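So the structure is just underneath, and the comments pick up after that.
The values are calculated or read from the model by the stated rules, or taken from the named source; none is laboratory data. Just so it is clear, the model here is predicted, and its values are computed rather than measured. Cβ sites come from the backbone with ideal geometry, for glycine too, and all protein chains shown count toward neighbours.
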Amino acid sequence: MKQIDEGVDFSELAPLISETWGCTRRNACHVVSLAHREWMDVCFGSDDIYQRDLLFQCVARMERTARKAEDCGQYAVVVGCVGQLKKMVSLSADQKGFRGHLNHAYQG
């Protein structure tokens, strides 16, 4: 949980745990999943944690993941990250009334 709180990416955390503890990657992913679930319970269940800071930390993590995926040519991951970012910050770019690019005809 401490590593998650410090912003270590999940794709980096699982191999780190696997190497440190000498367990399989599958077991390490399971441990990361459990730690993340507990971290979320602590963060969202506490009044001491400012939710906006938590949101921006998650946005930064998603941006790092998207950049890494793009560098590796994993464009489906990039699309997924962008979709999640949109949900997190509620951009509403797909809502009726959004004009989009000026070169495109507006159909309202």
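Taking the criterion of being among the polar types (S, T, N, Q) and exposed (fewer than 12 other Cβ atoms within 10 Å of the Cβ), the residues of region 1-30 that qualify are Thr20, Thr24.
Per-residue answers, yes or no, for (1) outside any loop (DSSP other than H, G, I, E, B); (2) modelled with pLDDT of 80 or more; (3) in contact with a Gly (Cβ under 6 Å, 6 or more places away or on another chain):
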{"position": "Leu34", "(1), (2), (3)": "yes, yes, no"}
{"position": "Glu38", "(1), (2), (3)": "yes, yes, no"}
{"position": "Val42", "(1), (2), (3)": "yes, no, no"}
{"position": "Leu85", "(1), (2), (3)": "yes, yes, no"}
{"position": "Gly97", "(1), (2), (3)": "no, no, no"}
{"position": "Ala105", "(1), (2), (3)": "no, no, no"}
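For Arg67, the requirement of being modelled with pLDDT under 55, out of contact with any helix residue (DSSP H, G or I) (no Cβ under 6 Å at 6 or more places or on another chain), among the charged types (D, E, K, R) and on the phi < 0 side of the Ramachandran plot is not met.
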